[in-house]
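Shown next, in structure tokens, is the structure this report addresses.
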Amino acid sequence: MFLLCITVLCAELRGTWTMELVDSGPQTMMKAQGESVVLGCRYKPSPADTGDLDIEWSIVSPDTTQKDQMLVSYSGGTKYVHSENPLSKGMTFSSPDPSSSSGDASLSIPAASPAHSATYQCKVKKSPGVDTRKVSLLVLVKPSVPRCWVEGSQMEGEPVTLHCKSASGSGPFTYTWRRQSGPLGANLEQQDSVTGELKISNHSQSHAGLYLCEVNNAVGSERCQVHLRASKPPNRAAVIVGTVIGCILLILILLLFIAVLFWKLRGRHRYDKEFSNDIREDVPPPESRPVSRRTTRSSGPSQHHVTYDPLGGTELSWSDDVTSDHPSSKNQVYTPVQYDSKYGYAV
């Protein structure tokens, strides 16, 4: 019985005087992309822990059969960055000297990204004491600035829908519509926080105004605005009358154009017909052409041959082919032939 009490007392004393991680920070952290992160790890050694101080920060592998990925470590008074892991780039201890009396072995990440989302383990060892602490980090992307627009004619009595959509970011998103200005009486109960739609089934002047949409996720929010108008519907009777009058005018213009075109074509046809029947008298008819440049004249039984010069147009010679006993044959007079330059031959 005495030995049992001594054993329990020694175990209690050993539990009190041993290495202990006393950091009270959150073990699950959620940060936005680009923010700096400090993973807390504060330790308190016991007087019995007299060995060298060793600190290790690593990423716990989700697969228990795989090794953890070492990031940074401290041993023998020297800091080490394990560059074989690309995630360790820029990581360091938040304290200039992790072995100081402050006992701060926290890890600093200057600019977190979604790739840093993991479970981290801090291990502090100072023989014979050793202790570990795990911290889960989730890095999210803030929603992008959403786009707001109106779908519908914005006329009174017609349905209208306001849309709000963020193109990028880490979901899920929560959309909220609020009214910034305008008359009272607008009902904003028909809004969907998941799709970002605000539906108005019966639009009126009471719904007109400036609307603000805000989109949120776990690490940030953005917003956009849209102005909703309320237009009076057009007078349908006036629209119908105007349409009918416009159609009639169009038909009249078309008929007038056809009539003018027909008149022009008919007048042109009449002119062509009259022109083809017209006798032109501005050019006199040509004079009769002599039978031949070599002419044979006969008078009674005698025949005379007259030869003309084709250039001079005068008689060159003449002769009697047959001698006639007619008493007047020798006294017959012949008129010289003249050359007419107008026609190019003798006349």
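Placing one equal scatterer on every Cα of segment 221-264 and applying the Debye formula, the log10 ratio I(q)/I(0) at q = 0.14, 0.24, 0.25, 0.28 Å⁻¹ is -0.60, -0.86, -0.88, -0.95.
Ordered by solvent-accessible area of protein heavy atoms (1.4 Å probe), largest first, the residues 89, 31 come out as 89, 31. The trypsin sites (Lys or Arg not before Pro) found in segment 145-229 that occupy coil by DSSP, while having at most 16 further C-beta atoms within 10 Å, are 229.
Sequentially through segment 188-195, phi angles give Karplus couplings (6.51, -1.76, 1.60; θ = phi - 60°) of 9, 6, 8, 10, 10, 6, 8, 8 Hz, Gly and Pro residues having no value and appearing as x. Normalised by 2.2 N^0.38 Å, where N is the number of residues, the alpha-carbon radius of gyration of segment 28-157 equals 1.48. Longer than 26 Å from Cα to Cα, which of 89/125; 67/126; 79/123; 31/89; 44/142 are they? Say none if no pair is. Check vs 26 Å cut-off fails for 44/142.
Between residue 61 and 68, 69, the built amide H atoms are under 5 Å apart, and every one of these is 5 or more places off in sequence or on another chain. What FRET efficiency comes out for residue 193 versus residue 262 if R0 is 56 angstrom and r is the Cβ-Cβ distance? Round to the nearest 0.05. That gives a FRET efficiency of 0.20. Other residues within the sphere of radius under 14 Å centred on the Cβ of residue 60, judged by their own Cβ, net out at +1 (K and R +1, D and E -1). According to the Kirkwood relation over distinct C-alpha pairs, the hydrodynamic radius of segment 109-242 is 18.3 Å. Close amide H pairs (under 5 Å, H built 1.01 Å from N) link residue 79 with no residue at least 5 positions away or on another chain.
The values are calculated or read from the model by the stated rules, or taken from the named source; none is laboratory data. Everything numeric in this text was worked out from a predicted model, so none of it was measured. As a convention, Cβ positions derive from the backbone with ideal geometry for all residues, glycine included, and neighbour counts pool all protein chains shown. All accessible areas refer to the heavy atoms of the entire protein, side chains included, with ligands and DNA or RNA removed. Shrake-Rupley method; radii C 1.70, N 1.55, O 1.52, S 1.80 Å.
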